[in-house]
Amino acid sequence: MSNEFLLVDTHTHLYEESFDVDREQVLKRCVDARVRKLIIQNVDSTTIEGVLKLEREHPGLCYATMGLHPCYVKENWKEEWAIVEKWWSERDFVAVGEAGLDYYWDKTFIAEQKEVFGLQLRLAKQKGVPIIIHSRDSFYDCLEMVKAEQDGSLKGIFHCFSGSLEEAQAAIKAGMKLGIGGTCTYKNSRHKEVLPKLGLEHVVLETDSPYLPPVPHRGKRNESAYVPLVAEAVADIFETSVLEVARITTANARELFGGLV
Ligand code: NI
């Protein structure tokens, strides 16, 4: 096998303010670390400009998603959703997201979150792109909605997956991949027991930067250049090489995102 490999960060919020001071250096470090494709996750109408700017200024490196994050489904969700729909009517994006259900921060709008997640699942199918799923204290509700829409054409990622073996198997059976990030390097993570029972073909790598940095950067800002640390941890978990992890997870990402990355 060639030692030429590249890695994909399938989930980053690089437009966030914490990167304003050094965004170009962050991108340089990530390219130097062989992380050559970044999926920039939108969250709501306030982040669209930042997402599109990254894509415009770094073609072939940054790819935009379009969707509405469950934590931003509030009283005004219909206006927010109309903006997402309008963008999708005007151009394509590599995925619908960040979507899903979050019962951890606020349970006020659970019904609305479900309605919007359903709309996003159907949009992903209609557009033939993956759905990026954020599930927090809501795994089985997300899974049920995925299963209800699964007609063989729906694909996607349970992002920042850190669940049980049972949950992982159910997600895979429903046609989803598992997005694995910095949390797999944490001492008490379940990944060590869960992942080897599944197989690398179900895994894609991510950072969720600036959040959830891997060891030894805990407590600091995360960035895409740390994907190799995640790849190393995943290689340890699977008792294989980083090259093999890079090869398979990058192929998984490429397949998922329609060869675009
Ligand atoms: Ni995210």
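None of the figures in this text is laboratory data; all of them are computed from the coordinates on show. Since the model is a prediction, treat every value here as computed from it, not as a measurement. Glycine also receives a Cβ, built like all others from the backbone with ideal geometry; neighbour counts cover every protein chain displayed.
Give a quick list of trypsin sites (Lys or Arg not before Pro) in the range 79-147 that DSSP marks as loop, anything other than H, G, I, E or B, with at most 13 other Cβ atoms within 10 Å. Can you show the working numbers first?
On the way: sites: 86, 91, 107, 114, 122, 125, 127, 136, 147; in loops: 91, 107.
Those satisfying the criteria are 91, 107.
Working note: Cα gyration tensor of the chain, eigenvalues times five, square-rooted, sorted largest first, giving semi-axes of 26, 22, 17 Å.
When you filter the chymotrypsin sites (Phe, Trp or Tyr not before Pro) in the range 98-190 for DSSP loop state and at most 15 other Cβ atoms inside 10 Å of their Cβ, you are left with 103, 104, 105, 186.
So between residue 236 and residue 172, what do we pick up on full extension, going 0.36 nm a residue minus the alpha carbon distance? Intermediate results must be reported in sequence, preceding the final value.
On the way: separation 64, 0.36 × 64 = 23.04 nm, distance 2.17 nm.
Going from the current span to full extension adds 20.9 nm.
With a threshold of 25 Å on the Cα-Cα distance, the over-threshold entries among 187/220; 37/127; 86/107 are 86/107. For the range 107-120, putting each phi into the Karplus relation 6.51 cos²θ - 1.76 cosθ + 1.60 with θ = phi - 60° gives couplings of 9, 4, 10, 4, 4, 5, 4, 5, 4, 5, 5, x, 4, 6 Hz, in residue order, rounded to whole numbers and with x for Gly and Pro. Under 12 Å of direct C-alpha separation, and excluding same-chain neighbours fewer than eight residues apart, residue 125 reaches these aspartates and glutamates: 149, 151.
Computed 3J(HN,Hα) for the range 239-254, one whole-Hz value per residue from the Karplus formula 6.51 cos²θ - 1.76 cosθ + 1.60 where θ = phi - 60°, is 6, 9, 8, 4, 4, 5, 4, 4, 4, 6, 5, 5, 4, 4, 5, 5, glycine and proline marked x. Converting phi to 3J(HN,Hα) with the Karplus coefficients 6.51, -1.76 and 1.60 and the offset θ = phi - 60°, the range 153-168 yields 9, 7, 10, x, 9, 7, 6, 6, 6, 8, x, 7, 4, 4, 5, 4 Hz in sequence order, with x at every glycine or proline. Spatially, the range 75-91 and the range 115-137 are offset by 14 Å when compared through their Cα centroids.
So which GluC sites (Glu not before Pro) in the range 38-118 pass both tests, a DSSP loop state and at most 11 other Cβ atoms within 10 Å of the Cβ?
Numbers: sites: 49, 55, 57, 75, 79, 80, 85, 90, 98, 112, 115; in loops: 75.
Within the range 38-118, the qualifying GluC sites (Glu not before Pro) (loop, at most 11 other Cβ atoms within 10 Å) are 75.
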